[in-house]
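Please read the structure below before turning to the comments.
The values are calculated or read from the model by the stated rules, or taken from the named source; none is laboratory data. As the structure is a prediction and not an experimental result, all values here were calculated from the model. We place every Cβ from the backbone using ideal geometry, glycine too, and count neighbours over all the protein chains shown.
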Amino acid sequence: MQEEDYKAISEDGITTRPNNCPVLAPIECNPQIWEALKTDARKVDARLKDVSGDILKAGIILTKSLLALDQVAQEDGHPLVEQEVNRIKGTLALLGHANHKNNLARSFVMKWEINQKYSHLCSDKWPMSRKLFGDYVSSLPGRSRTRRS
């Protein structure tokens with residue numbers, strides 16, 4: 001995609017997240033972890049976060065299309081429209097899964113930069129919230145020390 005085409009889509013109002021869809025907001029790195037990262041790890045995280053941003057923008061566009069098509073399906077009972085609604089739902093599920101995997105990759109990149117005592121935070125079993133490493137990082141002792149410091 002040409003840069004000007006990308007910019008036109010990215011800046012279009014259609015990519016504005018609805019207020020009632022917090023799950024379509026980007027996941028931020030916990031400040032305590034971010035501050036402990038070296039420059040290269042921060043750069044990698046910023047690039048992967050950009051990928052998440054594009055996935056989320058695509059999800060926002062599809063969600064808005066889905067809502068419009070679902071309304072048509074409900075009002076007019078078109079089986080073809082219902083079929084397309086279900087396809088878009090599947091596509092949204094795949095985009096959500098891809099975004100989750102991308103966020104896991106972000107945490108795995110940081111695994112070697114943080115104190116190894118806290119490397120369990122980088123596990124795919126550790127719960128993510130609106131923060132990459134969940135809501136409990138601020139309560140962990142020694143949280144801002146890097147492995148190499």
Give just the number: which of (1) within 21 Å of V109 (Cβ to Cβ); (2) at pLDDT 90 or above; (3) within 16 Å of the chain's Cα centre (by Cα) does A58 not satisfy? (1)
Lone unmet requirement of (1) closer than 17 Å to K131 by Cα; (2) assigned to a helix (DSSP H, G or I) for P26: (2)
Counted residues in segment 56-91 being out of contact with any helix residue (DSSP H, G or I) (no Cβ under 8 Å at 6 or more places or on another chain), over 21 Å from N19 (Cβ atoms) and of a type in the set (A, V, I, L, M) come to 1
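Residues in segment 129-149 that are at pLDDT 75 or above and either over 14 Å from L48 (Cβ atoms) or in contact with a Leu (Cβ under 6 Å, 6 or more places away or on another chain) (or both): how many? Before the answer, list the steps.
Taking segment 129-149 and keeping what is at pLDDT 75 or above, we get 129-135.
Restricting the remaining residues to those that are either over 14 Å from L48 (Cβ atoms) or in contact with a Leu (Cβ under 6 Å, 6 or more places away or on another chain) (or both) gives 129-131, 133-135.
Qualifying residue count for the region: 6.
Mind checking which residues of segment 34-53 are assigned to a helix (DSSP H, G or I), in contact (Cβ under 8 Å) with a residue 24 or more places away in the chain and farther than 15 Å from A105 by Cβ? Step through it out loud before you land on a result.
Step one: list which residues in segment 34-53 are assigned to a helix (DSSP H, G or I), which gives 34-36, 39-53.
Among the residues that remain, those that are also in contact (Cβ under 8 Å) with a residue 24 or more places away in the chain are: 35-36, 41, 44-45, 48-49, 51-53.
Within segment 34-53, E35, A36 qualify.
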Could you check, for segment 67-87, whether at least one of its residues is without any contact (Cβ under 8 Å) to a residue 60 or more places away in the chain and outside any helix (DSSP H, G or I)? yes
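Is it true that E3 is farther than 26 Å from S129 by Cβ and at pLDDT 90 or above? Working first, answer last.
Values: farther than 26 Å from S129 by Cβ: yes; at pLDDT 90 or above: yes.
Here the answer is yes, as E3 does meet what is asked.
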Six or more apart or on different chains, Cβ under 6 Å: which pairs go from a residue in segment 95-122 that's closer than 19 Å to D40 by Cβ to one that's polar (S, T, N, Q) and modelled with pLDDT of 80 or more? Could you list them? N102/S52; C122/S107
Restricting the search to segment 25-47, which residues are buried (at least 18 other Cβ atoms within 10 Å of the Cβ) and under 30 Å from N86 (Cα atoms)? I27
Tally of residues being of a type in the set (S, T, N, Q) and either exposed (fewer than 11 other Cβ atoms within 10 Å of the Cβ) or in a loop (DSSP other than H, G, I, E, B) (or both) across segment 1-23: 4
